[in-house]
Amino acid sequence: MTDILQRRDHDGIATLTLNRPAARNALSLALMEALDAQLLAIGRDTSIHVVILAANGPAFCAGHDLREIRATPTRDAYEQVFATCSRLMLRMVRLPKPIIAQVHGVATAAGCQLVATADLAVAAESARFATPGVNIGLFCSTPMVALTRAVSHKASMEMLLTGELVPAHRARDLGLVNRVVPDTELAEATLALARQIADKSPLTVAIGKEAFYRQADMDIEAAYAYAAEVMTRNMLAHDAAEGIDAFLAKRAPVWAGR
């Protein structure tokens, strides 16, 4: 663990906190690598069922560290930054555990990408979101990948072309975040959601998350065929039998994660 990224585990929930407050948690190469490494470790940690992605300081994340990027203005350096970012986002999607973004302040550019990539997002009422790269001559092309998969094409194109800040309630209406809560209740509300999910069978949640993203890009016939196969495999799992038997017997299930 590094100073720029903090991790706290409690009751099956890992909270990863971006810790570059003076830089508004800009995604330096080191921060992206640290976050990727922690997600890789969490994916192998059977004690963790849910991840909360939070941040210290006045902002959630202001995007890439532009000062760092411009310090080495070479093609190789640029490729390294954006390849690392893409690897991190794919790690988030493929992690067999849900990730909840806990958003305060601003989430812009690659910071907005983090929110759009997370499986769920809870935002403070004062939070704002933007993909403002167009304002500085750098179109938010990698954030666009996540944004267009989270909100409609018209809404994402407006954000990408105008760079305007979107308030939290509008972000919820667009589907970028799930819930908007008073600023003072952000941590509590996010933790409550995480606990609700952490109580489920970790195997079932992992199966469901993988299936969700895989079927989303299939045509409807292929999606149903795939989903039927997934449900058959799920039904053969111990936790499915335990869950159904517990429901029928009106008792609480005891998950084994298999």
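The values are calculated or read from the model by the stated rules, or taken from the named source; none is laboratory data. Not measured: the values here are computed from a predicted model. Note that each Cβ is placed from the backbone with ideal geometry, even for glycine, and that neighbours are counted across all protein chains shown.
Kindly indicate whether Leu39 is on the phi < 0 side of the Ramachandran plot, in contact (Cβ under 8 Å) with a residue 24 or more places away in the chain and surrounded by fewer than 20 Cβ atoms within 10 Å (Cβ to Cβ). Against the criterion (on the phi < 0 side of the Ramachandran plot, in contact (Cβ under 8 Å) with a residue 24 or more places away in the chain and surrounded by fewer than 20 Cβ atoms within 10 Å (Cβ to Cβ)), Leu39 does not qualify.
In this structure, Ala23 qualifies as closer than 24 Å to Ala130 by Cβ and buried (at least 16 other Cβ atoms within 10 Å of the Cβ). Among the residues of segment 173-216, those that are surrounded by fewer than 18 Cβ atoms within 10 Å (Cβ to Cβ), over 19 Å from His10 (Cα atoms) and among the basic types (Lys, Arg) comprise Arg179, Arg214.
Table: residues versus (1) of a type in the set (Ser, Thr, Tyr); (2) touching a residue at least 40 places away in the same chain (Cβ under 8 Å); (3) outside the structural domain of Ala194 (by TED's automatic domain parsing); (4) over 25 Å from Ala123 (Cα atoms).
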{"position": "Ala55", "(1), (2), (3), (4)": "no, yes, no, no"}
{"position": "Ala62", "(1), (2), (3), (4)": "no, yes, no, no"}
{"position": "Ala77", "(1), (2), (3), (4)": "no, no, no, yes"}
{"position": "Ser86", "(1), (2), (3), (4)": "yes, yes, no, no"}
{"position": "Leu90", "(1), (2), (3), (4)": "no, no, no, no"}
{"position": "Pro98", "(1), (2), (3), (4)": "no, yes, no, no"}
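Of the residues making up segment 217-258, those that are in a helix (DSSP H, G or I), surrounded by 15 or more Cβ atoms within 10 Å (Cβ to Cβ) and not hydrophobic (A, V, I, L, M, F, W, C) are Asn234, Asp239, Glu242, Gly243. Of all residues assigned to segment 125-137, none qualifies as being within 18 Å of Asp36 (Cα to Cα), in the same structural domain as Arg172 (by TED's automatic domain parsing) and of a type in the set (Asp, Glu). Looking only at residues in segment 116-141 that are hydrophobic (A, V, I, L, M, F, W, C) and touching an Asp or Glu at 6+ places or on another chain (Cβ under 7 Å), the one that is nearest to Gly105 (Cα to Cα) is Ala124.
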